[in-house]
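Rule-based calculations on the coordinates, nothing more; no lab input. Predicted, not measured: the structure shown is a model, and the values here were computed from it. Glycine gets a Cβ as well: all are built from the backbone with ideal geometry, and neighbour counts include every protein chain shown.
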Amino acid sequence: MTALVPRERDAQVDLAADRVGYLVVSYGLLLIVAYRSFVNGEAAWDLIGLVILGGVVGAAERIRRGVMSGRWMLMLLITMGSALIVASLIALATR
């Protein structure tokens, strides 16, 4: 019995499809969190945790495989800092 080796194009299409799917799920969760927070007045830390965990797992895998560039790391840190500032402002505004 022989193992099937996927073609390179198939692998690229699979990665692109997974990337788009991840973006849809992540932004969908963020919209649900925003709705719950602003309309219902409830905290949705479990859903935010899923978004954060997805990003952490992806970054950890890139670091583990040695493909995290300095520019990518800088963008990651800027994004994390911006998110922390926005989350703090939202938390202060909803008190």
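Tabulated data for the structure shown
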read-out	value
Long-range Cα-Cα pairs in the chain (distance over 17 Å), rounded percent	65
Ranked Leu92, Leu29, criterion: other C-beta atoms within 10 Å, fewest first	Leu92, Leu29
Two-site label geometry, Met68 and Ala43: point separation in nm, points 7 Å out along Cα→Cβ	2.8
Residues of the stretch 34-54 with amide N under 17 Å of a point placed 7 Å along Cα→Cβ from Ala91	34, 37-38, 42-53
Kyte-Doolittle at least 1.0, axis length at least 24 Å by Cα - qualifying DSSP helices, the chain	70-93
